[in-house]
Amino acid sequence: MRKVAVPEAGMSTLFGAYDDNLRQLETLLNVRIRTQGQELLVEGDAASTAKVARLIDQLGALIGEGHSISDRDVKTAAQLVAEDGAVDLRDHFLKDGQLRQAGKRRIAAKSANQRRYLDAIEQHDIVFGIGPAGTGKTYLAMAQAISYLLAKKVSRVVLARPAVEAGEKLGFLPGDLQEKVNPYLRPLYDALYDMLDVEKADRLLERGTIEVAPIAFMRGRTLNDAFVILDEAQNTTTEQMKMFLTRLGFGSKAVVTGDITQIDLPIGRVSGLVQAMEVVGKVDGVEFVYFDERDVVRHKLVQAIVKAYEAYGSGPSAR
């Protein structure tokens, strides 16, 4: 058992409502935590109890220095410490640029992989974010794109998605071509409106400063001074992926996101994302960041569901 002193000023924040943060720590680190006045009694193996002590010490120090630490920050810190017992939480929360201002939102990484992802986008011109739904791949890329646009680091943002059903079935939908493909692009619009006021977003869309389009619209173009995002890239064909990666012009960045467990292409078609992992995986200047269930930032049950499906897919019945 290990005793961990808790600073009085940060006790309510660190514990959480009804000790919810302590319960999360117990689950993440496989320990048992009891409170005794201003101390925590932590039962578990030495490595896990040391992680609890590190979390409390570092966050307690930040709170004592007057830094604002929210309940969400405590949960993020718990996840980070669980992944890496040597993590420097001061560096994570206070490092210059850690909080990205994306329009009306301030965006911060909530896991070590998300932190690596944001850093990779800053440092590389082409970044692939690969992993399950809910890990923030598209949302964080959108946040970076809007941040770059508002800071005038790029002159436009292009958001693209494959329209998997783009064939005879699409023809049955009412309206012109743009109206037919809009259902496939809706998630990109949703993220955009979450970061910008509706009026501002609409103005930027009308001017073409922000463009949301199916990937087919990019054929034959060269994108200079742009931040380009390709979402749901697992549903691109190999030809589409090659076309996209060769559109990049001077002063541009590209982020490709996808989940290779959710490929909706017809049987027999190779995913452009899967092929790109092999073809450009070792090209200098191209960075890959892989996410897993620990990075899921939706309802906590989503994490468990993703993990359950991964276990099912690797079991004997899946072979």
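What follows is calculated from the coordinates using simple rules that are stated; it is not laboratory data. Here the structure is a predicted model, which is why all the values come from computation and not from measurement. Here the Cβ positions follow ideal geometry from the backbone for every residue, glycine too, while neighbour counts run over all protein chains shown.
Label Glu8 and Glu199 with points 7 Å out from Cα along Cα→Cβ: what is the distance between them in nm?
It works out to 5.0 nm between the two label points.
At 20 °C and a viscosity of 1.002 mPa s, what translational diffusion coefficient does Stokes-Einstein give for the range 177-262, taking Rh as the Kirkwood radius over Cα pairs? Give it in µm²/s as a whole number.
D = 153 µm²/s.
Which residues does the label zone of Tyr18 cover in the range 72-91, counting backbone N under 18 Å from a point 7 Å along Cα→Cβ?
Residues 72, 75 fall inside that zone.
For Thr236, list long-range residues whose amide hydrogen, built 1.01 Å from N in the peptide plane, is under 5 Å from its own amide hydrogen.
HN-HN under 5 Å from Thr236: Gly272, Leu273.
Pop out the ³J(HN,Hα) list for the range 31-37 in order, Karplus 6.51 cos²θ - 1.76 cosθ + 1.60 with θ = phi - 60°, rounded to Hz; leave Gly and Pro as x.
So the Karplus estimates, Gly and Pro as x, are 10, 10, 10, 10, 9, 9, x Hz.
If you stretched the chain out fully between Glu239 and Asp292, how much longer would it get, using 0.36 nm times the residue separation minus the C-alpha to C-alpha distance?
Length difference between fully extended and current span is 16.3 nm.
HN-Hα J couplings of the range 281-296 from phi, Karplus 6.51/-1.76/1.60, θ = phi - 60°, integer Hz, Gly and Pro as x?
In residue order, the calculated couplings are x, 10, 6, 4, x, 9, 10, 10, 10, 10, 10, 9, 4, 5, 8, 5 Hz.
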